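Report on one structure; see the data block that follows.
We did not get these values from a lab; they are worked out from the coordinates using the rules stated. Since this is a predicted model, take the numbers as computed values, not measurements. Neighbour counts run over all protein chains shown; Cβ positions are idealised from the backbone, glycine included.
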Amino acid sequence: MRGRKILIAGATGQVAVPVATALAADNEVWGIARFADPAVRDGLESAGVRCQPVNLASGVFDGVPTDFDYVINFAVAKSGRWNVDLAVNADAVGLLMAHCRTAQAFLHCSSAAVYDPPGDEPRTEEAALGDNHKPLFPTYSISKIAGEAVVRTCARVLGVPTVIARLNVPYGDNGGWPYFHLEMMLAGMAIPVPPGGPARYNPIHEDDIIATLPKLLAAASVPAVTVNWAGDQVVSLQEWCGYLGSLVGREPVFEESPQALRPNPVDVTRMHELVGGATVDWRDGMRRMVAACHPELLAG
């Protein structure tokens, strides 16, 4: 994408920062968030992102234009307070769509956490939904499901072409869930895993998120289209922790816990049809993550 005017909501998030930075090279990119960390805001502005402070929970978009070509919503709340998390993850999305109703496309970043895992089979977009993350984040899955419902309704009412992308374990040079596992190993902490076999997921590197994003926007429609946004390789948490440990000379210690998140692999057939597949091998991506976050520990 070049020469477009793009709004990114939740611009300070782990996924949003590299996306905003990449898009700002050739487009006019605005970012909205609370910008509680001045260093993150400075980094975005240095990359060319125009930062506009907005409290998404309020639903007030003062100072934010309405004439964007594309709107990408990465905003998310995990406070554990229902009024706050529903306001950000659901209510605010509908208000944002109404504010930017002339956009050519709206991308709502949802999560594979909306699926209710019945077993270890990859979930298609038609699989059952449920309270996947309740043990750790009691409001998260339900408020993300609510957000999808709001987005689907607003797409039809407002006539905004929309795509709902369910992200599964994003990671990259600036972190992600595997990074937290790395830090736990370095701190000598046990990593909680669910009882039973390996906990499998589809980690997706930030490079593949950035590469597939233009095609996802091109796939937006009315009614909204829903697609899993995930890596092609199904990898267990135990496997990537073992690999990360081998890079830094640490042996992961796992502890079975009923509070641990359950496995959540997804089917990427529809993603392949719409945008193609992911290209970054998970080992290469995670080695790059270690090199970026802990170059002093990278062995060999």
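A simple rule links phi to the HN-Hα coupling: the Karplus curve 6.51 cos²θ - 1.76 cosθ + 1.60 with θ = phi - 60°, which for the range 178-189 gives x, 5, 5, 5, 4, 5, 5, 4, 5, 8, x, 9 Hz, with x for Gly and Pro. In the elastic network of the chain, a GNM with C-alpha springs shorter than 10 Å, the most mobile of 159, 63, 13 is 63. Residues considered: 205, 108, 133. Largest GNM mean-square fluctuation over the chain, using C-alpha springs under 10 Å, is found at 133. For the chain, the tally of Lys pairs with Cα-Cα distances below 22 Å comes to 4, considering only residues 8 or more apart or on different chains. Within the range 59-187, the ratio Rg/Rh, alpha carbon atoms throughout and Rh by Kirkwood, equals 1.01.
Listing 216, 7 from fewest to most neighbouring C-beta atoms within 10 Å gives 216, 7. Over the chain, DSSP H runs of length four or greater, each weighted -39,500 (n - 2.57), average out per residue to a 222 nm ellipticity of -10500 deg cm²/dmol. Projecting the Cα atoms of 40, 64, 108 onto the charge dipole of the range 5-293 (Cβ charges, centred on the Cα centre) puts 64 farthest toward the positive pole.
Neighbour counts of other Cβ atoms within 10 Å put 101, 41 in the fewest-to-most order 101, 41.
Ranking 143, 157, 128 by how far each Cα lies toward the positive end of the dipole of the range 5-293 (charges on Cβ) leaves 157 at the top. Taking every alpha-carbon pair under 8 Å whose residues sit at least 6 apart, the range 5-293 reaches a relative contact order of 18 percent.
Comparing 212, 54, 24 along the charge dipole axis of the chain, the residue lying farthest to the positive side is 54, per the Cβ-charge model. Taking amide H as placed 1.01 Å from N in the peptide plane, residue 191 has its amide H under 5 Å from the amide H of 253, 254, 255, each at least 5 places away in sequence or on another chain.
Measuring spread by the Cα atoms of the range 204-244 yields a radius of gyration and Dmax of 14.0, 44 Å. Pull out a ≥ b ≥ c, the square roots of the eigenvalues of the alpha-carbon gyration tensor of the range 124-201, then state rounded if a/c is under 1.5, prolate if not and a/b is larger than b/c, and oblate in the remaining case. Prolate.
What shape does the range 1-106 take by its C-alpha gyration tensor, where a ≥ b ≥ c are the square roots of the eigenvalues and a/c under 1.5 counts as rounded, a/b above b/c as prolate, and the rest as oblate?
Numbers: a/c = 1.95, a/b = 1.25, b/c = 1.56.
In terms of gyration-tensor shape, oblate.
Neighbour counts of C-beta atoms inside 10 Å place 154, 293 in the sequence 293, 154, starting with the fewest.
What does the C-alpha gyration tensor say about the overall shape of the range 164-235? Classify as rounded when a/c is under 1.5, otherwise prolate if a/b is larger than b/c, or oblate. In terms of gyration-tensor shape, prolate.
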